[in-house]
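So the structure is just underneath, and the comments pick up after that.
Please treat every number below as a calculation from the coordinates, not as lab data. None of these values were measured; they are calculated from a predicted model. Glycine gets a Cβ as well: all are built from the backbone with ideal geometry, and neighbour counts include every protein chain shown.
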Amino acid sequence: MTTAPNRSGPRRRWPSPRTTAWGFLAPLVVYLVAFYLYPLLRNLDLSLRDHTVRSFVRNDAPFVWLDNYVRVVTSAAFAPALWNTLVFTALSLVFQYGIGLALAVFFHQHFRLSVPLRALFLVPWLLPLIVSASTWSWMLNSESGVVNSVLTAFGADPVNWLTSPQYSLLAVLVANIWIGIPFNLVLLYSGLRNIPPRLHEAAALDGAGGWQRFWRITMPLLRPVSAITLLLGLVYTLKVFDIIWIMTQGGPGNSSTTLATWSYELGFGSLLPRFGPGAAVGNLLILIALFFGVIHIRVQRRQEAA
């Protein structure tokens, strides 16, 4: 008795699970290398060389190692730019988080107009930054701005919001707070939605008031969302450039200059760009963001281990 020949041919071998996993990861790895790793390495290389326009094109600038960083830190413009960056970032985070949390608690009450009003509050977040900054620049214009018109109507003197060293940083700070509130609102509102209502109901049955339930239940359970909200807000605010440059260009003088605008001004703001110092300032911003990112990770690990 003869057996029928096997006509199915050789068995097809499918890729291994590891090969399949790398196939899915490959586009992400290519994206991260092309748009994150390479720019970071290129910026680091720029900060370690003495670049001119000619040497930048020919890529033959000599190494000066940390001279650009020393030049930046010892510059007369470094201290004001660092102070403006710290003030701008700290006040932006405080007011964006505080107002965003208040609005999130307000909209969590589920009244009739909650959904359409919440959608309206997202408009500043959805607008392009150039539109928002131009709108605020027009509103705060010394001669024809809406804000000064209102002040004049109430008998107050007009204020040079954008051209006075005393108010320029305040002007860009208000604009940035207005733009960042919806971001905090969305994240904190999502965090509030994830808190089980039964916890508040049980606390109310035990006689806890509204403030007690907020501080003893809402805030502790909202801590992880608050931490990531503040961290993302910190990273975003440190690199804010569009708003400041469109409204004041870092002036008058250096009254509203931050490290982000100073980095751009060094690298591209003159006919003789200084690519090395500009890249060094950018790397300092990256180090500041990494510093707070590491702190966030360490605090989160301690909370998870507790």
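Points to keep in mind about this one:
- Selection from ALA104, VAL72, LEU82, by position along the positive dipole direction of the range 28-116 (Cβ): ALA104
- Semi-axes of the equivalent ellipsoid for the range 176-306, computed as √(5λ) from the eigenvalues of its C-alpha gyration tensor and ordered from largest down, come to 42, 18, 10 Å.
- Shape call, the range 1-152: gyration tensor on alpha carbons, a/c limit 1.5: oblate
- When both the range 225-261 and the range 25-47 are represented by their alpha-carbon centers, they are found 24 Å apart.
- Within the chain, helix-based [θ] at 222 nm, where runs of 4 or more DSSP H residues each add -39,500 (n - 2.57), nearest 500: -20500 deg cm²/dmol
- Prolate/oblate/rounded call for the chain, Cα gyration tensor, a/c under 1.5 rounded: oblate
- Ranked by how many other beta carbons lie within 10 Å on average, peptides 109-122, 253-266, 234-247, 51-64 from highest: 253-266, 234-247, 51-64, 109-122
- Here the Karplus curve 6.51 cos²θ - 1.76 cosθ + 1.60, taken at θ = phi - 60°, turns the phi angles of the range 175-186 into couplings of 4, 5, 4, 4, 6, x, 4, x, 4, 5, 4, 5 Hz, with x standing for Gly and Pro.
- For the chain, the Cβ-based charge dipole about the Cα centre amounts to some 1680 debye (Lys, Arg positive; Asp, Glu negative; other atoms uncharged).
- Under the Karplus curve 6.51 cos²θ - 1.76 cosθ + 1.60, θ = phi - 60°, whole-Hz ³J(HN,Hα) for the range 86-103, x wherever Gly or Pro sits: 5, 5, 4, 6, 5, 5, 4, 5, 4, 6, 5, 5, x, 5, x, 5, 4, 5
- Anisotropy class of the range 241-306 from Cα gyration tensor, a/c 1.5 cut: prolate
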